[in-house]
Amino acid sequence: SQTIHQWPATLVQPVGSPLSLECTVEGTSNPNLYWYRQAAGRGLQLLFYSVGIGQISSEVPQNLSASRPQDRQFILSSKKLLLSDSGFYLCAWNGDGDTEAFFGQGTRLTVV
Amino acid sequence: KQEVTQIPAALSVPEGENLVLNCSFTDSAIYNLQWFRQDPGKGLTSLLLIQSSQREQTSGRLNASLDKSSGRSTLYIAASQPGDSATYLCAVRGSQGNLIFGKGTKLSVKP
């Protein structure tokens, strides 16, 4: 069966520090991968999605970047965190067409 | 641009009641619609997936319907229990494959 792992679960980082959040999927190949951010009262915002290795699409301009170095690995990064980067980050995957999407357990990022 | 709206934003009911959560979307060109549950501080758990050619899906006490032409979906929860308390999210999958979410309905079921 397919599983999705996301870590760390919580993170407290000072302003200006770098960030690296990792997401891996098991039990499937060539998944579509997504990074979402959930801020209080604002719902889930799509940040990046990837349909294959090295293929990244960005939905909104921001202080973050994403990379997909391997088929089932998706990394969210920042060189210098801002206070506004605080939030709950969720990784997700699905297949092509009419398939179900699955989410990781999320990372609570607090920038102080 | 696809927009998803969920009504109500919050709902409080006594245990045992049947309830309906509503979701509407502006662009009927969707691949599917998915309902999720989110507990505080946790990730999203998939409840039901309705493909674009389907009208409804059922899982236990949950029933979700889809009317693509009118841009609406409902999630029906029968005989609600305190354990059903959570935020329920509706998402549609468009041509680019990504999910577009509503802001959710926060449900509280009182014992």
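Any read-out appearing in this document is the output of simple, stated calculations on the displayed coordinates, not a laboratory observation. Since the model is a prediction, treat every value here as computed from it, not as a measurement. Cβ atoms come from the backbone with ideal geometry, glycine included; neighbour counts cover every protein chain shown.
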Tell me, what HN-Hα J-couplings in whole Hz come from the Karplus equation 6.51 cos²θ - 1.76 cosθ + 1.60 at θ = phi - 60° for each residue of the range A:68-79, using x for Gly and Pro? 10, x, 9, 4, 10, 10, 9, 10, 10, 9, 8, 7
Average partner coverage of A:13-22, which counts Cβ from other chains inside 10 Å: 0
Rounded to the nearest 0.05, what FRET efficiency do residue B:61 and residue B:1 give with R0 = 22 Å and r taken as the Cβ-Cβ distance? Could you check? 0.05
Rounded to the nearest 5, the percent of antiparallel DSSP beta bridges in the protein assembly as shown equals 90 percent
Set the Förster radius R0 to 25 Å, insert the Cβ-Cβ distance between residue A:40 and residue A:2 as r into 1/(1 + (r/R0)^6), and round the FRET efficiency to 0.05. 0.25
Could you tell me whether the range A:13-77 comes out rounded, prolate or oblate from its Cα gyration tensor? Rule is a ≥ b ≥ c as square roots of the eigenvalues, rounded for a/c under 1.5, then prolate if a/b exceeds b/c, otherwise oblate. prolate
Could you please tell me the mean projected area of the C-alpha convex hull for the range B:25-111, averaged over all directions and given in square nanometres to one decimal? 5.8 nm²
Dipole size in debye (nearest 20) for the range A:1-89 around its Cα centre, Lys and Arg Cβ +1, Asp and Glu Cβ -1? 200 debye
Considering chain A as a Gaussian network with a 10 Å cut-off on Cα pairs, which listed residue, A:51, A:60, A:25, attains the greatest mean-square fluctuation? A:60
Averaged over B:22-30, number of beta-carbon atoms from partner chains that fall within 10 Å: 0
For the range B:1-97, what is the relative contact order in percent, using Cα pairs closer than 8 Å and at least 6 residues apart in sequence? 36 percent
Mean per-residue count of partner chain Cβ within 10 Å for B:85-98 equals 3
With Cβ to Cβ distances under 12 Å as the rule, what net charge do the other residues near residue B:86 carry (K, R +1; D, E -1)? +1
With a 10 Å Cβ neighbour count serving as the proxy for reagent exposure, in which order, fewest first, do B:103, B:110 appear? B:110, B:103
Any chance you could run the full-extension gain for residue A:15 through residue A:80? It's 0.36 nm times the residue separation minus the Cα-Cα distance, nm to one decimal. 22.7 nm
Net charge contributed by nearby residues that have their C-beta within less than 14 Å of residue B:16 (K/R +1, D/E -1): -1
Rounded to one decimal in Å, the inverse mean reciprocal Cα-Cα distance for the protein assembly as shown, i.e. its Kirkwood radius, is 18.0 Å
Please turn the phi angles of the range B:34-44 into ³J(HN,Hα) values with the Karplus equation 6.51 cos²θ - 1.76 cosθ + 1.60 (θ = phi - 60°), one per residue in order, whole Hz, x for glycine and proline. 10, 9, 10, 10, 10, 8, x, x, 10, x, 9
Mean-position separation - Cα centroids, the range B:37-94 and the range A:66-100, in angstrom: 24 Å
Relative contact order of chain A, pairs being alpha-carbon contacts under 8 Å that are 6 or more residues apart, as %: 36 percent
